[in-house]
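Okay, structure first, notes after.
All of the numbers you see were taken from the coordinates with simple rules; none came from a lab. What you see is a predicted model, and the numbers here were worked out from it, not measured in a lab. Cβ: placed from backbone, ideal geometry, glycine included. Neighbour counts: every protein chain shown.
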Amino acid sequence: MSILLPDVSALQLLVRHRRVEQARQLWASTARWPEAVAAEVPPRLRSKFDWLGEPIEITDDRDVALVDRIRRATFGGSGSHPTEHLPEAQILFLMSHDELVHEPVWLTADPNIADFAAHRAMACRSLPSDLDRPPWAPPSG
């Protein structure tokens, strides 16, 4: 079964369109979030996403260093802002480490991330900016 890894843009869109409960119903058993994504969700909204479970932590020193290289080289993060693009870097890291997250699928509302994933043949689901269209199905697998 595929595991959805929502980024901050996807979570913001769900809140903005009041679709968090619908997302929970569809994806509660198939979605997780990296710690950097969870950290960017304001505390007052964290409980809305409790269905994502405990954040996935990347703790191995080599993995943390690799995530930082991804953050800087791939997403343009700077040394002076260590959390800049960290959510994207953690998701990209998890996407390439199937042993940590089985069959990961990046869930985004950011068209640039969707294009990035498409050009790299990565599994990605892009949420429409207009969530009043028919709902998105859970991933198959």
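Where does each of 96, 29, 2 land when they are ranked from fewest to most other beta-carbon atoms within 10 angstrom? All intermediate terms of the calculation are to be shown ahead of the outcome.
Details: 96 14, 29 10, 2 17.
Going from sparsest to densest Cβ surroundings: 29, 96, 2.
If we count other beta carbons within 10 Å of each Cβ, what is the order of 91, 3, fewest first?
3, 91
For segment 15-86, applying the loop criterion from DSSP together with a ceiling of 15 other beta carbons within 10 Å to the GluC sites (Glu not before Pro) yields 57. For the chain, leaving out every one of the trypsin sites (Lys or Arg not before Pro) that falls in a DSSP loop and has at most 12 other Cβ atoms within 10 Å, the longest unbroken run is 19-119. Set against the labelled values (1) 14.4, 43; (2) 19.6, 63; (3) 21.5, 69, Rg and Dmax of the Cα atoms in Å computed from this structure falls on (1). Show the residues, 5+ positions off or on another chain, whose built amide H is closer than 5 Å to the amide H of residue 105. Answer set, sorted by chain and number: 3, 4, 5. Of 63, 98, the sequence from fewest to most neighbouring Cβ atoms within 10 angstrom is 98, 63.
Considering only 45, 13, 26, the mean-square fluctuation computed in a Gaussian network model of the chain, springs between alpha carbons under 10 angstrom, is largest for 45.
Sequentially through segment 89-101, phi angles give Karplus couplings (6.51, -1.76, 1.60; θ = phi - 60°) of 5, 5, 5, 4, 4, 5, 4, 9, 10, 4, 6, 8, 9 Hz, Gly and Pro residues having no value and appearing as x.
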